[in-house]
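Heads up, the thing below is written out as structure tokens.
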Amino acid sequence: MKKWLNKKLSMLSLAFSNVEKNILSQKGETLDSNINQTQRHTQGQLADALVHGQLTQDVMDLRWRLYKIMQETNRVSSEITGYNDDGMPIVKTYKKDFRNLKKVKTDLSDDFKLEMVVDNSDIELSINETLEVIDLNHESNDISNNNLSANLKILKPIIINRDFLPRFLLENYTKKLHVKHITNTDKLLEFYVSKYPDDYNRTSKLFINEIKKNLDNPNLLSTFKIKQVGFVTNKTLGANDYLEYQYSINNFHSITEFDGNYVVKFNATMIVDGINILEKYKQEELELKYKNKVKK
């Protein structure tokens with residue numbers, strides 16, 4: 001049921017994306033160029049507004065309902081605990097404990113408390129997004145494996161800003177990021193990089209060798225010359241989903257070795273503290289109806 005719901009939510013998200021793209025365009029044309037200018041019998045309906053990229057109140061209300069459902073469903077989990085006499089499953093639903101960091105293994109060479117663990121696994125692209133970054137052979141419409149691997153962008157949850165482009169991008173080799181508490185604004189950022197080459201990333205061996213050569217003075221590596229680090233939480237231990245965090249890097253701290261990883265550390269200052277990226281879509285009147293449990 002949860003997979004079915006997520007699929008439907010994704011379809012609606014695509015519709016909202018089309019609406020916003022049309023609103024922001026200079027021409028503001030309808031999304032279907034083949035539709036003529038005669039009045040439609042469906043005009044004024046929610047489905048019609050979604051199809052034609054019209055940001056009506058009904059569309060804004062539906063969008064907020066969608067995002068509200070996404071936030072609530074991500075806070076709970078379910079498991080089958082048994083079956084009743086009719087053979088139907090008994091499902092137990094419980095709230096997820098995002099703050100439970102007790103079982104997380106972290107480098108203990110410092111005394112700072114662990115606040116968050118950010119998973120940096122690749123972000124899966126949709127079919128349309130994948131095709132947008134591939135140089136198609138227009139004569140045969142074929143996509144070769146070499147063409148795919150050469151043009152497909154690597155999207156990571158962790159975003160790093162720099163003054164220049166180094167030989168190796170730290171975020172492309174980072175498995176996870178540990179954020180540790182120094183003060184309310186000062187943090188220690190720990191990037192966990194596996195000491196073992198990734199068979200699916202041909203440059204990982206070169207990157208690991210580069211770190212090994214410079215362990216005595218890693219501050220010289222251009223890879224570690226970074227300015228800002230940011231991410232939006234998604235299944236992040238220590239925080240709810242859809243929260244934006246940004247940190248300004250003060251200086252390189254050190255590299256340690258822990259649990260089969262190189263741990264690259266930076267001293268940082270928080271500049272964005274968990275802003276909910278969905279709040280800008282909130283509809284106050286609809287939210288009040290939810291609060292008062294008004295019938296539809």
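The values are calculated or read from the model by the stated rules, or taken from the named source; none is laboratory data. This one's a predicted model, so the numbers in the text were calculated from it and none came from an experiment. No Cβ is skipped: glycine too gets one built from the backbone with ideal geometry, and neighbour counts run over all protein chains shown.
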Task: Residue tally, condition surrounded by fewer than 18 Cβ atoms within 10 Å (Cβ to Cβ) and either more than 23 Å from Tyr242 (Cα to Cα) or touching a Lys or Arg at 6+ places or on another chain (Cβ under 9 Å) (or both), over the range 173-192 - done: 3
Open item on the list: Looking only at helices (runs of 4 or more DSSP H) that lie completely in the range 108-224, which have at least 3 residues being at pLDDT 95 or above?
Closed with: none
TODO: Examine the range 233-247 for a residue that is among the β-branched types (Val, Ile, Thr), at pLDDT 90 or above and under 19 Å from the mean Cα position of the chain (by Cα), and state whether such a residue exists.
DONE: yes
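Filtering the range 239-296 down to residues that are among the aromatic types (Phe, Trp, Tyr) and assigned to a helix (DSSP H, G or I), which residue is farthest from Thr56 (Cα to Cα)?
Tyr290
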Task: Evaluation of Ile211 against (1) surrounded by 14 or more Cβ atoms within 10 Å (Cβ to Cβ); (2) over 29 Å from Lys103 (Cβ atoms) (one fails), failing number - done: (2)
- [ ] Spot the failing condition for Leu220; the list is (1) crowded, with 16+ Cβ neighbours inside 10 Å; (2) over 24 Å from the mean Cα position of the chain (by Cα), and only one is missed.
- [x] (1)
Task: Near pairs, Cβ below 7 angstrom, 6+ apart or cross-chain, from the range 87-99 (at pLDDT 65 or above and surrounded by 10 or more Cβ atoms within 10 Å (Cβ to Cβ)) to any residue that is in a strand (DSSP E or B) and aromatic (Phe, Trp, Tyr) - done: Pro89/Tyr83; Ile90/Tyr83
